[in-house]
Amino acid sequence: MTAPQSSPGTAPKKAKRPARPRHVPERTCVVCKTTKPKRELLRIVRTPQGRVELDAGGKKSGRGAYLCARHACWEVALKKHRLEHEFELTTLPEDDRAALEAFMATLPPDT
C-alpha cells in the first residue's frame with residue numbers, strides 16, 4: 001500500500017491543532033486588591049495634563065489605576081486618598097473629585 005500522493009504544486013494538508021485559550025489581561029483593584037479580568041474593572045487615569053478622570057474605554061494616555069465597580073471600593077478610594085497615593089499627587093483636584101463622586105453615586109449599593 002502506498003501513501004496518497006499530492007498533486008504537483010500543492011502541499012499535503014496539516015492536521016489542525018486545537019485552539020489555544022485566549023489570553024485575558026488581568027488587573028488589580030487598588031483598594032480591595034482583588035485580581036479580575038481587565039474588562040471587569042473601571043480605569044481611572046491621570047492624564048499628562050494632570051487631570052484625574054474615569055477612562056471608560058481604557059485607552060486614554062496617562063497613568064492608570066483600577067477599581068472594582070463596587071460602591072465600597074470607590075468610597076474607600078476617595079475618602080482614604082488611595083487615588084492620590086496611586087497617582088503620586090498631593091491632592092486630587094476638586095472638580096475631578098466631584099466628577100468621580102458623581103460617578104460613584106451611580107453605582108449600586110453593596111449587598
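The values are calculated or read from the model by the stated rules, or taken from the named source; none is laboratory data. As the structure is a computational prediction, the values presented were derived from the model and not from experiment. Here the Cβ is made from the backbone with ideal geometry for all residues, glycine too, and neighbour counts use every protein chain on show.
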Out of segment 84-111, which residues are exposed (fewer than 15 other Cβ atoms within 10 Å of the Cβ), among the acidic types (Asp, Glu), under 21 Å from Pro48 (Cβ atoms) and within 20 Å of the chain's Cα centre (by Cα)? Glu88
Filter segment 30-83 down to residues that are assigned to a loop (DSSP other than H, G, I, E, B) and among the polar types (S, T, N, Q) and give me whichever is surrounded by the fewest Cβ atoms within 10 Å (Cβ to Cβ). Gln49
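So if I check each of Leu107, Leu100, Leu67, which one is modelled with pLDDT under 95 and not hydroxyl-bearing (Ser, Thr, Tyr)? Break it down stepwise before answering.
Values: Leu100 fails: modelled with pLDDT under 95; Leu67 fails: modelled with pLDDT under 95.
Testing whether each residue is modelled with pLDDT under 95 and not hydroxyl-bearing (Ser, Thr, Tyr) leaves just Leu107.
State which residue is farthest from the chain's Cα centre (by Cα) when the search covers only segment 25-83 and only residues that are among the polar types (S, T, N, Q) and closer than 19 Å to Ala99 by Cβ.
As a first pass, look at segment 25-83 and keep what is among the polar types (S, T, N, Q): 28, 34-35, 47, 49, 61.
Filter once more, keeping what is closer than 19 Å to Ala99 by Cβ: 47, 49, 61.
Values: Thr47: 16, Gln49: 21, Ser61: 13 Å.
Here the answer is Gln49.
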